[in-house]
Each structure stands twice: as structure tokens, then as C-alpha cells.
Amino acid sequence: MKKYIDAGKVDTRSGFGEGLLLAGREDKNVLALTADLKGSLKMGAFAKEFPERFIQCGIAEANMVGVAAGLAITGKVPFIGSFAEFVTGRVYDQLRQEVAYSHTNVKIASSHAGITLGEDGATHQTMEDIALMRALPGMTVIVPCDYNQTKNATIAAAKMFGPVYLRFGRPSVPNFTGADEPFEIGKIYNLNEGKDVTIVACGHLVWEALQAAEALEAEGISAEVLNVATIKPLDEETLVASIKKTGAVVIAEEHNMAGGLGEAVSGVLAAKCPTHIEFINGGDRFGQSGTPAELLKAYGMDAAHLAEAAKRAIAAKK
């Protein structure tokens, strides 16, 4: 199995901040807007270098979306940043009407997503945001796995035309992808070749999937690991080819069971490659307070649970 080295734990929101800065240096039309969360979204470096291109909208997320849509119409490339809960659920009508329906070139940067927000608890731990964004016609949905990939995904999002939802998190997590690896929107990254089972994962759970694959290898089980950094549009060709090879699949996501990666993948497989699926997700429930590690274990999203799910998937194909 290919070994991935943790180059040092760092939060993915910092990858966004670095990517935003680099995108701003490359394109003078890139703007940054936030709803009183410049520090949490790591927009400080951009604001310092390009103060004329940074807009502090205050705690008025709906207005921020409208301002961004207006700027996009003039040819600007605005990134709006807030917590995932605030920049999806709180402003869904504005995102639907002013961004998706109007197909404006607005980039939605959502930090503090998923259960690993930790101690802030259920009111802030959005586990429904991918479903909301996937449902919007024309919306690209990107969920990178570490600092480097978040940085490179941000740069790629700035270059493409159209609305993009970019999801990342608060906790420090292993940084293991290539620092200069270009991000290709719509591509599934095969991180480990395998023949017995495919583990499909996104975001923070990609590292957990790699750890599960390593544990399985010690038991003589060969696991393929797919990093689905772009959930919409979905790379169906890579996905189907992997599952046809292994005949077993686990889908892991830091999101509820409805409308996320699991449903996106299972919809493709139902039509093109019917397969028994083991799902790793938050089920049909809200979050709760705890450390990220405690919550991943409590919700069955850690490497140990992924490895057990892989064994069930393999057993189901016999």
C-alpha cells in the first residue's frame, strides 16, 4: 500500500486562507467578503494585502450574498466566507435566487463544517449543508481533505466560472497531499490501489480511510481509497471502474445520511453498478458537544469503524 505521511496537522480553513491570498495575487478581480468572521475564515492575510478588495459585511449573511452577487455581475470573483451553518441554511433563499438561479460567479467558503467542529455543539455543527448545496442546479460542491488540497481547490475555484460551494473545517488534521498538486474540479483521486473493497470518502474522513486501509492491509485485505474531493459534478467513470474491480464499497462522510456523498454515489451505482453499500455517516441526527476525536468515534466515523464496515462489505459480496 502507498504510504501517506502526515506533514504536520493543520486546519483546512488555513488552507483556504492561503489559497484565497494566492488567488488574489493572481487575479485582481478576486474579492473577499465575510460576515464578521475574518479571523475564523483565515481571511486576515488577504485583507491586509488587499484592503480595497476586502469587505466586512457584519453579521448580515443574507445581505453579504446579495452584495457578492452584485459584484459578480460586474465581473468580480467574490468569495463569501462564514460558518457552514450560517452560509447555507441561514441564507438558502438568497443562494437559490441570487447565486444559483442567476448563475452568478460567487464562491461560497464554508468553515467549521461537520461534527469535528467539536465543543461548539449541535447548533453550529451543520451536517446537512452538502445536501442543501447539491440540490441547487449548477452548484459545484467541493470538499477537500487537508490543508494543501483546500489551498489548491480554492485557487481552482477562483479560476472556474460559476457558483462553487467549498467546505472545510476547524480542527487541525493531517496534511498529506502534495503542496503543489494542481486541483482538478470534478476528479476523484485514487489514493491507494486495492482489489477487495473500495472506501469512498471526502473531507476529514479521507485520512481515516487511509488509516483503515493500512489496518486492513495488516489483515491481508486490500482496500482501494478514493478521495471524492468534488461531490458535484461526480467523477462517475473513476467511481464505477473502482467498484466493478473490487465488488464492495464503503462510503464515508462527515455529514448526515440524507443528500450527501452517500446518496450521490449510491445513485450512480444503482444505475450503473448495483452493489451492496456500507454507509459511514451521521445518520438521522444532530451533533453534540465533544472533542473532534471523541465525536468521530461516537458517530462511528473513525478508522476503526471504517475498517469494520469494509469487512462487512466484503462479506456481503460472497
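Here is a yes/no grid of residues against (1) among the hydrophobic types (A, V, I, L, M, F, W, C); (2) at pLDDT 95 or above; (3) surrounded by 20 or more Cβ atoms within 10 Å (Cβ to Cβ); (4) closer than 25 Å to R170 by Cα:
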| site | (1), (2), (3), (4) |
| --- | --- |
| V265 | yes, yes, yes, no |
| A270 | yes, yes, no, no |
| I280 | yes, yes, yes, yes |
| A293 | yes, no, no, yes |
> Quick one: in the range 156-184, which of the residues that are hydrophobic (A, V, I, L, M, F, W, C) and over 15 Å from the mean Cα position of the chain (by Cα) is nearest to A252 (Cα to Cα)?
Replying inline: F176
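Based on what the data block shows, is E184 loosely packed, with under 15 Cβ neighbours inside 10 Å and either of a type in the set (F, W, Y) or closer than 29 Å to Y101 by Cα (or both)?
yes
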> Restricting attention to the range 137-155, which residues are crowded, with 24+ Cβ neighbours inside 10 Å and out of contact with any Lys or Arg (no Cβ under 6 Å at 6 or more places or on another chain)?
Replying inline: I142, P144, C145, D146, Y147, Q149, T150, K151, N152, A153, T154
> If you check G169, G178, G162, which single one turns out to be touching a helix residue (DSSP H, G or I) at 6+ places or on another chain (Cβ under 6 Å), in a loop (DSSP other than H, G, I, E, B) and not assigned by TED's automatic domain parsing to the domain that holds M257?
Replying inline: G169
> List the pairs whose first member sits in the range 179-192 and is touching a residue at least 60 places away in the same chain (Cβ under 8 Å), whose second member is among the hydroxyl-bearing types (S, T, Y), and whose Cβ atoms are under 6 Å apart, counting only residues at least 6 apart or on separate chains?
Replying inline: none
>> Checking D284 against (1) within 30 Å of A122 (Cα to Cα); (2) surrounded by 15 or more Cβ atoms within 10 Å (Cβ to Cβ), only one condition comes out false. Which one?
In response: (2)
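Here is a list: R167, R134. Which entry is touching a Ser or Thr at 6+ places or on another chain (Cβ under 7 Å) and either of a type in the set (D, E, K, R) or surrounded by 21 or more Cβ atoms within 10 Å (Cβ to Cβ) (or both)?
R167
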> Of all residues in the range 25-38, which are within 17 Å of M64 (Cα to Cα) and out of contact with any strand residue (DSSP E or B) (no Cβ under 6 Å at 6 or more places or on another chain)?
Replying inline: D36, K38
> surrounded by fewer than 19 Cβ atoms within 10 Å (Cβ to Cβ) and either at pLDDT 95 or above or of a type in the set (A, V, I, L, M) (or both) - does that describe any residue in the range 105-120?
Replying inline: no
> Which residue pairs have Cβ atoms under 7 Å apart, sit 6 or more places apart or on different chains, and have a first residue in the range 123-147 that is modelled with pLDDT of 95 or more and a second that is of a type in the set (S, T, N, Q) and part of a helix (DSSP H, G or I)?
Replying inline: D129/T88; L132/T88; M133/T88; P144/T12; P144/T150; D146/T12; Y147/T12; Y147/S14
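The values are calculated or read from the model by the stated rules, or taken from the named source; none is laboratory data. Please read these numbers as outputs of a predicted model, since none were measured by experiment. Reconstructed Cβ throughout: ideal geometry from the backbone, glycine too, with neighbour counts over all protein chains shown.
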